[in-house]
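Report on the following structure.
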Amino acid sequence: MTPISPVGEADAVVKLTRGGLKAIGNLTHLKDVTVAEAVIARGGKLGNLNVIEDAYKSMKVVEIANKAAQGDEKAMTALKIIKQASSKAQKY
C-alpha cells in the first residue's frame with residue numbers, strides 16, 4: 001500500500017504571483033500546461049524548444065512566470081519563446 005502524500009508536496013497547486021501575472025501577460029490560459037506543450041500549442045516547432053533549457057521544458061508555465069518575475073534570465077527566455085512561437089515558426 002502506498003502512503004498518501006500530505007498536502008504541500010508535488011501535487012500542490014502553484015499560484016501565480018503578482019509579478020508572475022505581469023510576466024505571463026496574455027498567456028494566462030496556458031498557465032497550467034508545461035512549457036513544451038505551450039510552445040507546440042502556439043504553433044512552435046522543435047527548433048523553438050531547443051533554445052529552452054531542458055530543466056525548464058517540463059515545468060509549468062506558471063512556475064516559469066514566477067521565476068521570470070524574480071529575475072531568472074532563462075525563465076524570461078522561455079517565456080519569450082512561448083510568446084513568439086507562432087511568429088518564429090513561420091519565419092524559419
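Here, each number is a calculation from the coordinates, and none is a lab measurement. None of the values given here were measured: they were computed from a predicted structure. Cβ: placed from backbone, ideal geometry, glycine included. Neighbour counts: every protein chain shown.
Within the range 35-49, the residues that satisfy the criterion of being in a helix (DSSP H, G or I) and either closer than 17 Å to residue 59 by Cα or among the hydrophobic types (A, V, I, L, M, F, W, C) (or both) are 35, 36, 37, 38, 39, 40, 41, 46, 48, 49.
Pairs meeting the criteria (first residue in the range 73-88 and assigned to a helix (DSSP H, G or I), second residue of a type in the set (Phe, Trp, Tyr), beta carbons under 8 Å, at least 6 apart or on different chains) are 74/56; 75/56; 78/56. Within the range 53-72, the set of residues being more than 10 Å from the chain's Cα centre (by Cα), outside any helix (DSSP H, G or I) and hydrophobic (A, V, I, L, M, F, W, C) is empty.
Based on this model, can you work out whether residue 21 counts as in a helix (DSSP H, G or I), more than 21 Å from residue 86 (Cβ to Cβ) and not charged (D, E, K, R)?
Numbers: in a helix (DSSP H, G or I): yes; more than 21 Å from residue 86 (Cβ to Cβ): yes; not charged (D, E, K, R): yes.
So residue 21 fits the description; yes.
Is one or more of the residues making up the range 51-58 surrounded by 14 or more Cβ atoms within 10 Å (Cβ to Cβ) and either within 17 Å of residue 17 (Cβ to Cβ) or in contact with a strand residue (DSSP E or B) (Cβ under 9 Å, 6 or more places away or on another chain) (or both)? Show your work before the answer.
The initial filter retains those residues of the range 51-58 that are surrounded by 14 or more Cβ atoms within 10 Å (Cβ to Cβ), namely 52, 56-57.
Now narrow it down to the ones that are either within 17 Å of residue 17 (Cβ to Cβ) or in contact with a strand residue (DSSP E or B) (Cβ under 9 Å, 6 or more places away or on another chain) (or both): 57.
Yes, the range 51-58 contains a residue that is surrounded by 14 or more Cβ atoms within 10 Å (Cβ to Cβ) and either within 17 Å of residue 17 (Cβ to Cβ) or in contact with a strand residue (DSSP E or B) (Cβ under 9 Å, 6 or more places away or on another chain) (or both).
Of all residues in the range 12-39, those that are charged (D, E, K, R) and surrounded by 18 or more Cβ atoms within 10 Å (Cβ to Cβ) total 1.
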